[in-house]
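Report on one structure; see the data block that follows.
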Amino acid sequence: MVHTLDIKTAGTPLDKAEKALIMIHGRGGSAEDILSLSRHFNVKDYALLAPQATNHTWYPYSFIAPVDQNEPWLSSALEIVGQTVKKALDEGISPENIYFFGFSQGACLTMEYISRNAKRYGGAVAIIGGVIGEKINRENYKGDFAGTPVFLGTSNPDFHVPVERVYATANILREMNAEVTEKVYENFGHSINQEEIEWANSIVFK
């Protein structure tokens, strides 16, 4: 099973926008759901792009399962994110004006994509997520973020995402020259809080 490219859009039309925000939904979520969160961010002039996962799931098992168990869905999901980025690039939006937001499974997919394709982006926000795999394969992650701001927010404990993987992800991003801020909220649960929104706006969508 692989994903079919289905990108929902909102905000400023892509051909008129100077910046684009790519929003990646979580397991069981939808592109429309994640787009609705954009009203909390300082992105009123951005083009908003949200790919829809086929059957509302990017890959079937945990993000810390052996990678081969999540194939071919995972590779297809990464390709969908890449095609979404290409859609913005093709409209003349430069990488440093492309931003990312992901929640839960979408945060994992976001972190995996940008770490495999590191360059100077506008910024990235990942709420409850980290790079993918039972073991981290550092050889997958290449490039230079050149100071890209990244905000990682998570709850501890989280049923799906161990806080250790969030810290490991932050370290990888820093090694690749991202400006990383991570915040851990004790016993907050698997959701997004107001403080995370404020951090995202002050660090990334500023």
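Going by average Cβ neighbours within 10 Å, how do the peptides 99-111, 19-31, 156-168, 182-194 rank, with the highest at the top?
Values: 99-111: 27.4, 19-31: 23.0, 156-168: 16.7, 182-194: 13.5.
The packing order, highest mean first, is 99-111, 19-31, 156-168, 182-194.
Work out, in µm²/s and without decimals, the Stokes-Einstein translational diffusion coefficient of segment 1-75 at 20 °C, 1.002 mPa s, Rh from Kirkwood over C-alpha pairs.
160 µm²/s
Could you sort 146-154, 64-72 so that the peptide with the highest average Cβ count within 10 Å comes first and the rest follow in order? Don't skip to the end; give the middle numbers.
Values: 146-154: 21.8, 64-72: 14.9.
Sorting 146-154, 64-72 by mean packing, highest first, produces 146-154, 64-72.
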Which parts of segment 46-73 would a label at L89 reach, counting a residue when its backbone N lies under 18 Å from a point 7 Å out along Cα-to-Cβ? 49-51
What net charge is computed for the residues neighbouring A53, neighbours being all others with C-beta under 11 Å from the C-beta of A53, Lys and Arg scored +1, Asp and Glu -1? 0
Sorted largest first, the Cα spans of the chain on the principal axes come out in Å as 41, 37, 31
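Expressed as a rounded percentage, what relative contact order does segment 72-206 have, with Cα pairs under 8 Å and six or more residues apart?
Working: 237 pairs, mean separation 28.2, N = 135.
Computed over segment 72-206, the figure is 21 percent.
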Long-range HN-HN contacts of E182 with modeled amide H, under 5 Å: L152
What nm value, rounded to one decimal, do you get for the distance between V2 and R39 when each label is placed 7 Å out toward the C-beta? 3.7 nm
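At 222 nm, what helix-only mean residue ellipticity would the chain give, in deg cm²/dmol to the nearest 500, using -39500 (n - 2.57) for each DSSP H run of four or more?
Working: 5 runs with 59 residues, N = 206.
The helix-only estimate for the chain comes to -9000 deg cm²/dmol at 222 nm.
Bear in mind that the values in this text are calculations on the coordinates, not laboratory data. Quick caveat: nothing in here was measured; it's all calculated off a predicted structure. Cβ: placed from backbone, ideal geometry, glycine included. Neighbour counts: every protein chain shown.
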